[in-house]
Amino acid sequence: MITVIGGTYREVDYDDISIEIFGSGFRGAKFLLENKCSVDFYTSGNNETLRFLTENQKVYKGFSFKCEYHEELITFKYSFALDEPVIFPGLTNISKTREFDIQAENVLAFGMLESDYKINGDKVVYDPQTAVKPKRFSGIGNAKELVYIVNLIEAQSLASSVDIEDIKKYFFDEEKAKAIIIKNGPQGATLYLGNSNVRIPAYVTKNVNKIGSGDIFTSSFCYYWMVEGFSIEDSAINASKSTAYFCDKKVYVSSSRITDFAYEEFKTTELAAKQIYLASPFFSISELILIDKVRSAFLGFGVKVFSPFHDIGLGDDIEIAKKDIEGLNNSEIVFCVLDNLDSGTLIEAGYALANKKKVIGYHRTCDENKLLMFNGGNTTIFKHLTTAMYQTIWNL
């Protein structure tokens, strides 16, 4: 039995064209239930949430829950998974429910927008879920063995430092954590355990269904550590493998039961030394918004990005062309937004291919017959933006 506390939220993803009810809490509970682990789930929501959870009780025999009433089914709306979501209601308009008081042997705790809680547990895994004033576990609970799972920005926010030694000192000395796992997207994660630092690899997948992938990592880590009895290091490695299966196929599987693991480890590179050329039309408002979001997401990986719109702007056509070519020559890979088959974007892609550079293309609306010339070069084309961007990073 694992006690899970976390949000049950509606998720809208324009990249997948999907509307689903999940949230970190329910997604984590679902992973455990799919792997035959009983779950006692604490969450909040309205009558729609209650109906949804009640229907899931019919599917999973080991599923019990307590749903504290909240007037809204909070909604996260994503343009694509690497973009910041729009949250409805706005953060300043989300009211708080009554506080949960949880005492259990094994606890998986996700940060929530609408509910606070107090925890007393033996083994606790805590994922605060936000870098904006994240709650310190020491202020909300006690644990005999505490594992923090955070991304780098969350770790820096909690520790009030960007220095990794200060971050480790904070979590071990002040939060009394047994271990810290700091996630780093396509480059995997780092486990800090005692005096050892262990790299947890990420795996290259054909598809990248990113929304919820962090929830799967955290919940599967709990499963391996609390249920299977694996070491913390082995639990983290297997959690990364389970996350790979989720990203590729949206399945909730225990990798410990799979003898022939299907994915290759991503061999990390120094991304700060690499440059992506961003080829895209930027004439309509929608094109400008998209290219701005794509550029910001790439920069978030720590890679350099050359974007003609951002780095050259408007001006003399000949000078712009010279700077475009310079940017292409200095880039390792070219990312093309092919929708509308803009002539400038196609010329940039052609120049890149003629110079033996890798081209990653993305589109949602193109007639495939008009993209035939790309088949002869070092080009891969995707209709899913998040997947296209991850494949770009993995090909650097």
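All of the numbers you see were taken from the coordinates with simple rules; none came from a lab. Note that this is a predicted model, so its numbers are computed, not measured. Virtual Cβ from ideal backbone geometry, glycine too; neighbours counted across all protein chains shown.
Brief remarks on what is shown
- Only DSSP H runs of four or more residues enter the estimate; each adds -39500 (n - 2.57), and after division by the residues of the chain the mean residue ellipticity at 222 nm equals -9500 deg cm²/dmol.
- Using a Förster distance of 35 Å, the FRET efficiency for Asn395-Leu288 (Cβ separation, nearest 0.05): 0.85
- Rounded to the nearest 20, the size of the Cβ-charge dipole of region 271-394 about its Cα centre is 520 debye, with Lys and Arg at +1 and Asp and Glu at -1.
- Against the chain, whose longest principal axis is taken from its Cα atoms, helix 213-222 shows a tilt of about 30°.
- Largest-first ellipsoid semi-axes for region 2-265, taking √(5λ) over the Cα gyration tensor eigenvalues, angstrom: 25, 22, 19
- Full extension of the segment from Val132 to Asp367, taken as 0.36 nm per residue of separation minus the current Cα-Cα distance, would add 80.3 nm.
- A dipole drawn for the chain from +1 and -1 charges on Cβ atoms has a positive end, and of Asn330, Ile119, Thr97 the residue lying farthest that way is Ile119.
- The distance separating the Cα centre of region 352-371 from that of region 226-261 comes to 34 Å.
- Taking Cα centre as origin and charging only the Cβ of basic (Lys, Arg, +1) and acidic (Asp, Glu, -1) residues, the dipole magnitude of the chain rounds to 800 debye.
- Simple rule: put +1 on each Lys or Arg Cβ and -1 on each Asp or Glu Cβ in region 2-265, find the dipole, and look at Ala179, Ser231, Ser18; the Cα lying farthest toward the positive end is Ser231.
- Stretchable slack from Lys249 to Ile347, in nm (0.36 nm times residue separation minus alpha-carbon distance): 31.8 nm
- Projected label distance in nm at Asn375 and Val59, using a 7 Å step from Cα toward the beta-carbon: 3.9
- Dipole-positive endmost among Thr365, Ser256, Leu158 within the chain (Cβ charges, Cα centre): Ser256
- Full extension of the chain between Asn142 and Glu105 yields a length gain of 12.2 nm, computed as 0.36 nm times the residue separation minus the alpha carbon distance.
- Asp234-Asn195 pseudo-label distance in nm [points 7 Å out on the Cα-to-Cβ vector]: 2.4
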